[in-house]
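Novice: The structure that follows is given in the form of structure tokens.
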Amino acid sequence: MSDAGVLELKFRDTARAAQLSAALARTVQEIGRAPVSVMHVCGSHEQAIARFGLRTNFPRDLDVIMGPGCPVCITDQPEVDEAVALARQGIRIATYGDMVRVPGSAASLADAQADGARVDVVYSIDQAIALARESDEPFVFFGTGFETTAVATAAAILAGVPPNFSVLSAHKYIPPVMEIVAEMPDSRIEGFVAAGHAATITGWGVFEAFVRRHGIPVVVAGFEPLDILAALARLVELIRDRQATVENMFPRCVTRAGNVVAQRQLWEVFAPIGGRWRGIAHIPNGNLRLRDDWAHVDARRRFSIDLHALWDSAPSLLAQQCVCGDIMSGLKNPSECALFGAECIPDSPVGACMVSSEGTCRIWHEYGIARRSA
Amino acid sequence: MCLGVPGRVIRVEGTMALVDFFGVSRQVRLELVDEPVSPGDYILNHVGYAIRRIPETDIEGTLAMYEQLLREAESDLMAADVQGELRGTRL
């Protein structure tokens, strides 16, 4: 196929795409260092980059790395353990699809399900509430995800949930983890691409303090191939010009203040608290826990969660070789993992990054980005 | 789970809207959207909630990628996530 034909498959405006690709290449060359490394923090961005083969449009010397942008992947083992323990205590659990297969310290919800526990997959908290209303038995929604799903959990709680319904919150908040990744001693990250839909909630203003503190530019990007290309072209310009600012390249969805109505509900229900993100680090203010006013909805306060039984099992030897944490910190890519595509595949994943449709390893495997040389 | 899916509002009843997503009608909750929503408006749905009213001038650019993805089989990872977003809404 001709170059023009390939461009047409990816971009709705091929002339603009060609122009942006050229500008991107020119700016990276002007920076004169290799590689120039930037990080995005969103599984949907990685999906779009991989799905539309955008890396072939990026200059060789530009390294576009996916950071901790997969909410399923960064849910820590002890959080999964809590859900597994509750399920094994006979409490019905509902959660978003990929969470079921994510391993805890020793078991996943799927393992508990195989042993007879009741676990439902839902696509929204609304569906979990509808299931809970069908009976009086205790029902726990294992809530995971970043700002975009946390606001839905908050709104549902504020709208009123049945008395047998509780939330086990593993919700996470993206802005604090960018600080930690930027400060990692081995970090090569010179700029961030922020996720457009999370920023729809928080507003782009949330990144201004980060940019001031770290001197690293942030560009907010949409999810269209053209949006991503435009954001990267702008980001490398800011790097070249040593201009640490926040730029909003997704104005059709993102404003400086963000969705204030959603933010009000988010912070009415949740308070930020420090906690571990799987394989990465303790992230101050990175976790969202239910405020005291909502103790009656908080599974951690309503149930005694007995984790002892899980401590008897150790993670498998394979799981100990998993480098998900380094991948999500931007220090390694999946093809640098010995398990990738061999012992670790979507049908029998070793680590969380191969489980989730938003995990770097799963996306790379799916779209054949890197294959382990046999 | 970060992608969301845009749709066109058909009817608004209190805090619920009936929304057309590329030919599929579903109920979406409105508690989180920060602007008034009326029939004909486009919203971005995320796990069953509208989180943004999409300005009229930007609708075309927003829809193009989804039209392409929704033509794909669910065996495509990204297309499957978009389908998942539709399943998060109410029938």
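The values are calculated or read from the model by the stated rules, or taken from the named source; none is laboratory data. As the structure is a prediction and not an experimental result, all values here were calculated from the model. Virtual Cβ from ideal backbone geometry, glycine too; neighbours counted across all protein chains shown.
Novice: Consider the range A:189-217. How many of its residues are part of a helix (DSSP H, G or I) and not aliphatic (A, V, I, L, M)?
Specialist: Residues meeting the conditions: 12.
Novice: In addition: Which one is farthest from the other protein chains (Cβ to nearest Cβ), of the residues in the range B:69-91 that are out of contact with any helix residue (DSSP H, G or I) (no Cβ under 9 Å at 6 or more places or on another chain) and without any contact (Cβ under 8 Å) to a residue 40 or more places away in the chain?
Specialist: Among those residues, the one meeting the criterion is B:SER75.
Novice: OK, next. Going through the range A:26-45 one residue at a time, which ones are more than 10 Å from every other protein chain (Cβ to nearest Cβ) and either part of a helix (DSSP H, G or I) or under 25 Å from A:VAL350 (Cβ atoms) (or both)?
Specialist: Once the filter is applied, which keeps residues that are more than 10 Å from every other protein chain (Cβ to nearest Cβ) and either part of a helix (DSSP H, G or I) or under 25 Å from A:VAL350 (Cβ atoms) (or both), the range A:26-45 yields A:ARG26, A:THR27, A:VAL28, A:GLN29, A:GLU30, A:ILE31, A:MET39, A:HIS40.
Novice: Also, quick follow-up: What's the number of the condition A:ALA159 fails, among (1) within 14 Å of chain B (Cβ to nearest Cβ); (2) in contact (Cβ under 8 Å) with a residue 12 or more places away in the chain?
Specialist: Result: A:ALA159 passes all but (2).
Novice: If you don't mind, another one. Which ones in the range A:251-266 are in a loop (DSSP other than H, G, I, E, B), more than 8 Å from chain B (Cβ to nearest Cβ) and polar (S, T, N, Q)?
Specialist: A:THR255
Novice: Would you mind listing the helices (runs of 4 or more DSSP H) fully within the range A:277-374 where at least 2 residues are surrounded by fewer than 24 Cβ atoms within 10 Å (Cβ to Cβ) and either modelled with pLDDT of 95 or more or under 16 Å from the mean Cα position of the chain (by Cα) (or both)?
Specialist: A:299-302, A:324-328
Novice: Something else about it: Confirm whether B:SER38 is in contact (Cβ under 8 Å) with a residue 12 or more places away in the chain, surrounded by fewer than 19 Cβ atoms within 10 Å (Cβ to Cβ) and small (Gly, Ala, Ser).
Specialist: yes
Novice: Let me ask you something else. Please indicate, with yes or no, whether at least one residue in the range A:231-246 is surrounded by 22 or more Cβ atoms within 10 Å (Cβ to Cβ) and within 17 Å of the chain's Cα centre (by Cα).
Specialist: Checked against the condition, which is being surrounded by 22 or more Cβ atoms within 10 Å (Cβ to Cβ) and within 17 Å of the chain's Cα centre (by Cα), the range A:231-246 yields no hits at all.
Novice: Something else about it: Looking at this structure, is B:GLY7 surrounded by fewer than 20 Cβ atoms within 10 Å (Cβ to Cβ), under 29 Å from A:ILE49 (Cβ atoms) and more than 11 Å from chain A (Cβ to nearest Cβ)?
Specialist: When the stated conditions are applied, B:GLY7 does not pass them.
Table: residues versus (1) modelled with pLDDT of 95 or more; (2) within 9 Å of another protein chain (Cβ to nearest Cβ); (3) farther than 22 Å from A:LYS332 by Cβ.
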site: A:LEU168; (1), (2), (3): yes, no, yes
site: A:SER187; (1), (2), (3): no, no, no
site: A:GLU190; (1), (2), (3): yes, no, no
site: A:ALA198; (1), (2), (3): no, yes, yes
site: A:THR202; (1), (2), (3): yes, no, yes
site: A:GLY205; (1), (2), (3): yes, no, yes
site: A:ARG212; (1), (2), (3): yes, no, yes
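Novice: Next question, about the same structure. A:ASP227 passes all but one of (1) in contact with a strand residue (DSSP E or B) (Cβ under 7 Å, 6 or more places away or on another chain); (2) away from chain B (no Cβ under 14 Å); which number fails?
Specialist: (2)
Novice: Restricting the search to the range B:23-67, which residues are more than 8 Å from chain A (Cβ to nearest Cβ), closer than 28 Å to A:THR14 by Cβ and not β-branched (Val, Ile, Thr)?
Specialist: Selection gives B:GLY23, B:TYR42, B:GLU56, B:GLU60, B:LEU63, B:TYR66, B:GLU67.
Novice: Confirm whether A:PRO163 is more than 25 Å from B:VAL5 (Cβ to Cβ) and of a type outside the set (D, E, K, R).
Specialist: When the stated conditions are applied, A:PRO163 passes them.
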